[in-house]
1. Using only Cα atoms and rounding to the nearest 10 degrees, what angle (0 to 90) does helix 58-78 make with the longest principal axis of the chain?
2. Modelling each spin label as a point 7 Å along the Cα-to-Cβ direction, I'd like the ALA38/HIS50 distance in nm, to one decimal.
3. What value does the chain have for Rg/Rh, both radii from Cα atoms and Rh as Kirkwood defines it?
Amino acid sequence: MKTPKEKYLNDPQYNYLVNMLEQLIERAQFTPSELREACILACINHEMRHVREHQIDPRLNDALDILDEFVRRGVQRKK
């Protein structure tokens, strides 16, 4: 994996992003902490808009039910 510096030097879009963020800091529009927070919030917002549905294999679900029942019976016996 490339380091951020390598990406900055070789990827024009990444370079543009870094330069834009630097300009926001230079203009005193945002602090570095605010930019970090905003980036994290943008990621969270993106994930919330793109919720993925996962299907659990029915065999796996059955196996988990069997294990759950086994554990519950074991706990009841110990009481």
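Derivation of every value follows stated rules applied to the coordinates shown; laboratory data play no part. If you're wondering where the values come from, they're calculated on a predicted model, not measured in any experiment. Cβ sites come from the backbone with ideal geometry, for glycine too, and all protein chains shown count toward neighbours.
1. Long axis of 58-78 versus the principal axis of the chain: about 60 degrees.
2. Result for the modelled spin labels: 2.1 nm.
3. Values: Rg = 24.1 Å, Rh = 17.6 Å.
Answer for the chain: 1.37.
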